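Q: Take a look at this one; I'll ask things after.
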Ligand SMILES: Cc1cc2nc3c(=O)[nH]c(=O)nc-3n(C[C@H](O)[C@H](O)[C@H](O)COP(=O)(O)O)c2cc1C
């Protein structure tokens, strides 16, 4: 389990415990003590199994748009179990959510020490790219390799999107951002290019209030804006209707745009299309023409609560090469 740690003394205790167990990488007392001291003010995650801390990771802001993976350590006996990967995923989620654009990490360049070759391979496997080597940054025995990763790539945004059902801040969402999100939706592919999906952006507090009143059980009550997704169930050709596929592609595009712009959302479809037909009540509030159905609402706003990725099946359970077995 990955825990976000806020208490400064707990951060120092965990970082000391882990770094002192990793003397191959953190043998210089002075720099190890510096990592430990600095960790108390940094965003900090610990990987915890029962009552054992398996590893930790800290981030440090190095520029307005850039975070640095300041230090991470995983106990040797816990290597190759996905602990580092899970720690990094949590930290990356956080950096994306806080609207940082890049994340960098420094290590001793490949080809100098075997232990650091493993570290280099690990960072590359996470998606870091080599930026530059600074031979004298630390000292000539430890040439510094800087790796960088863009947090704004489609692949990163996909892996950091999760359904958010917590509280939103009251900060209004600028209209230009709502337009960018809606454009991402209508830019999605559609069967035979029939473009069966339309959206209504709702940011008027009065209209928003009327929609929220219909949401029973209540969801998205604090959202400062909402995208209502409409579909027109027409055939693409012969008797083939692709309206569901069309609006699904549009919704996913909008969810990704929402996350990339630093907001959160959730695909609320089941909730509003059940037997109580909340969708029809929403349609009446926003004057949707008869030939369209409301199928989904996407709240848009800045998250106030912490949230975590839901557990998903293992990659190997769902992805195969060339044949089922
Ligand atoms: C077609 C569809 C309908 C959904 N309807 C709801 C819903 O009504 N309420 C809700 O809380 N989440 C809803 N979700 C979100 C899913 O519960 C969520 O995607 C899933 O649990 C996986 O979590 P993730 O989005 O964080 O990966 C819906 C998702 C899809 C694709």
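The values are calculated or read from the model by the stated rules, or taken from the named source; none is laboratory data. Owing to the predicted nature of the structure, the values given are computational and were not obtained by experimental measurement. Here Cβ is always computed from backbone atoms with ideal geometry, including for glycine, and neighbour counts include all displayed protein chains.
Q: Need the failing condition index for residue 295 against (1) part of a strand (DSSP E or B); (2) under 30 Å from residue 151 (Cα atoms), just the number.
A: The number of the failed condition is (2).
Q: Would you call residue 210 farther than 21 Å from residue 101 by Cα and out of contact with any helix residue (DSSP H, G or I) (no Cβ under 9 Å at 6 or more places or on another chain)?
A: It is false that residue 210 is farther than 21 Å from residue 101 by Cα and out of contact with any helix residue (DSSP H, G or I) (no Cβ under 9 Å at 6 or more places or on another chain).
Q: I would also like to ask the following. Taking residue 159, is it at pLDDT below 95 and either part of a helix (DSSP H, G or I) or over 20 Å from residue 282 (Cα atoms) (or both)?
A: For residue 159, the condition - at pLDDT below 95 and either part of a helix (DSSP H, G or I) or over 20 Å from residue 282 (Cα atoms) (or both) - is met.
Rundown of residues vs (1) assigned by TED's automatic domain parsing to the domain that holds residue 24; (2) part of a strand (DSSP E or B); (3) away from the ligand (no atom under 16 Å from the Cβ), yes/no style:
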site: 104; (1), (2), (3): yes, yes, yes
site: 107; (1), (2), (3): yes, yes, yes
site: 115; (1), (2), (3): yes, no, yes
site: 130; (1), (2), (3): yes, yes, yes
site: 134; (1), (2), (3): yes, yes, yes
site: 152; (1), (2), (3): yes, no, yes
site: 155; (1), (2), (3): yes, no, no
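Q: Right, here's the next one. Output the qualifying pairs, or none if there are none: Cβ atoms under 7 angstrom, residues six or more apart or on different chains, first residue in the stretch 158-178 and closer than 18 Å to residue 256 by Cα, second residue more than 10 Å from the ligand (Cβ to nearest atom) and in a helix (DSSP H, G or I).
A: 158/256; 160/92; 160/93; 160/96; 160/259; 161/256; 161/259
Q: What tally of residues in the stretch 67-93 results from selecting those that are more than 15 Å from residue 147 (Cβ to Cβ) and touching a residue at least 60 places away in the same chain (Cβ under 8 Å)?
A: Residues meeting the conditions: 5.
Q: Within the stretch 119-136, which residues are surrounded by 15 or more Cβ atoms within 10 Å (Cβ to Cβ) and over 14 Å from residue 150 (Cα atoms)?
A: 119, 120, 122 - these are the residues of the stretch 119-136 that are surrounded by 15 or more Cβ atoms within 10 Å (Cβ to Cβ) and over 14 Å from residue 150 (Cα atoms).
Q: Here are some residues: 257, 309. Which one is over 16 Å from residue 208 (Cβ atoms), within 13 Å of the ligand (Cβ to nearest atom) and surrounded by 10 or more Cβ atoms within 10 Å (Cβ to Cβ)?
A: Just a single option satisfies the conditions, and that option is 309.
Q: Looking at the stretch 98-107, is at least one residue under 14 Å from residue 68 (Cβ atoms), in contact with a strand residue (DSSP E or B) (Cβ under 9 Å, 6 or more places away or on another chain), modelled with pLDDT under 95 and surrounded by 17 or more Cβ atoms within 10 Å (Cβ to Cβ)?
A: Yes, some residue in the stretch 98-107 is under 14 Å from residue 68 (Cβ atoms), in contact with a strand residue (DSSP E or B) (Cβ under 9 Å, 6 or more places away or on another chain), modelled with pLDDT under 95 and surrounded by 17 or more Cβ atoms within 10 Å (Cβ to Cβ).
Q: Quick one: how many residues across the stretch 37-64 are closer than 25 Å to residue 96 by Cα and outside any strand (DSSP E or B)?
A: Selection size over the stretch 37-64: 7.
Q: Mind checking which pairs have a first residue in the stretch 300-322 that is touching a residue at least 40 places away in the same chain (Cβ under 8 Å) and a second that is assigned to a helix (DSSP H, G or I) and within 15 Å of the ligand (Cβ to nearest atom), Cβ under 6 Å, 6 or more apart or different chains?
A: Taking only residues 6 or more apart or on different chains, the pairs are 300/258.
Q: All but one of (1) in contact with a strand residue (DSSP E or B) (Cβ under 7 Å, 6 or more places away or on another chain); (2) outside any helix (DSSP H, G or I); (3) within 25 Å of residue 158 (Cβ to Cβ) hold for residue 81; state the number of the condition that does not hold.
A: For residue 81, the exception is condition (1).
Q: Tally the residues that are under 29 Å from the mean Cα position of the chain (by Cα), away from the ligand (no atom under 11 Å from the Cβ) and either crowded, with 22+ Cβ neighbours inside 10 Å or free of Cβ contacts under 8 Å to residues at least 40 places away in the same chain (or both), restricting the search to the stretch 261-278.
A: 1
Q: Look through the stretch 235-248, keep the residues that are assigned to a loop (DSSP other than H, G, I, E, B) and exposed (fewer than 15 other Cβ atoms within 10 Å of the Cβ), and return whichever of them is nearest to the chain's Cα centre (by Cα).
A: The qualifying residue nearest to the chain's Cα centre (by Cα) is 235.
Q: For residue 119, work out the one condition from (1) out of contact with any strand residue (DSSP E or B) (no Cβ under 8 Å at 6 or more places or on another chain); (2) closer than 30 Å to residue 310 by Cα; (3) part of a helix (DSSP H, G or I); (4) modelled with pLDDT under 95 it doesn't fulfil.
A: Here residue 119 clears every test but (1).
Q: Can you pull out every residue in the stretch 244-254 that is under 23 Å from residue 177 (Cβ atoms) and more than 8 Å from the ligand (Cβ to nearest atom)? Can you show your working first?
A: The initial filter retains those residues of the stretch 244-254 that are under 23 Å from residue 177 (Cβ atoms), namely 247-254.
Those that are under 23 Å from residue 177 (Cβ atoms) and more than 8 Å from the ligand (Cβ to nearest atom): 247, 249, 250, 252, 253, 254.
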